[in-house]
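Student: Take a look at this one; I'll ask things after.
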Amino acid sequence: MNEQRYQTKIMEQLRAEGWYVIKLIKTNVNGIPDLVAFKKGHEPKFIEVKAKGGVTSKLQDFRIKELRDKYGLNVEVWKADS
C-alpha cells in the first residue's frame, strides 16, 4: 500500500474513533509529521506516516525528537504492513 492510501486509511480509522484529524500539507516547519489528531480527554497526537519499507529522514527524526523532548508532545510513526 502506498503512503497516500495508508494515510487516508489512518485518517478514516481515527475519525471513526472520534478523533478530529488534520493533514499538515504545507507548514512553515519542514519535517513536521503528516497528521495531527485531537480528541476530547486525550493528548493530541502527531503522526508521521510511512509506506511499507519507508524510513524517516534525518530532518523528520530531528522534528520528532524536538516535538517529544522539547515540547513533551505525543508523536507516533505509523508504518504500513503491506
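Student: Considering each of Lys39, Lys58, Lys70, Lys26 in turn, give the residue that is in contact with a strand residue (DSSP E or B) (Cβ under 9 Å, 6 or more places away or on another chain) and not hydroxyl-bearing (Ser, Thr, Tyr).
Tutor: Selected residue: Lys39, the only one of Lys39, Lys58, Lys70, Lys26 that is in contact with a strand residue (DSSP E or B) (Cβ under 9 Å, 6 or more places away or on another chain) and not hydroxyl-bearing (Ser, Thr, Tyr).
Student: Where the second residue is loosely packed, with under 13 Cβ neighbours inside 10 Å and hydrophobic (A, V, I, L, M, F, W, C) and the first is within 11 Å of Asn30 (Cα to Cα) and lies in the stretch 54-82, which pairs have Cβ atoms under 8 Å and are six or more apart or on separate chains?
Tutor: Arg63/Val29
Student: For the stretch 30-82, how many residues meet the condition of being in contact with a Pro (Cβ under 8 Å, 6 or more places away or on another chain) and either surrounded by fewer than 12 Cβ atoms within 10 Å (Cβ to Cβ) or among the basic types (Lys, Arg) (or both)?
Tutor: The total comes to 1.
Student: Also, I was wondering about something else. Can you pull out every residue in the stretch 1-47 that is charged (D, E, K, R) and either assigned to a loop (DSSP other than H, G, I, E, B) or over 25 Å from Asp69 (Cα atoms) (or both)?
Tutor: Glu3, Arg5, Lys9, Glu12, Arg15, Glu17, Lys26, Asp34, Lys39, Lys40, Glu43 - these are the residues of the stretch 1-47 that are charged (D, E, K, R) and either assigned to a loop (DSSP other than H, G, I, E, B) or over 25 Å from Asp69 (Cα atoms) (or both).
Just so you know, all these numbers are worked out from the coordinates, no wet-lab data involved. Everything numeric here is computed off the predicted structure, so don't read it as measured data. Here the Cβ is made from the backbone with ideal geometry for all residues, glycine too, and neighbour counts use every protein chain on show.
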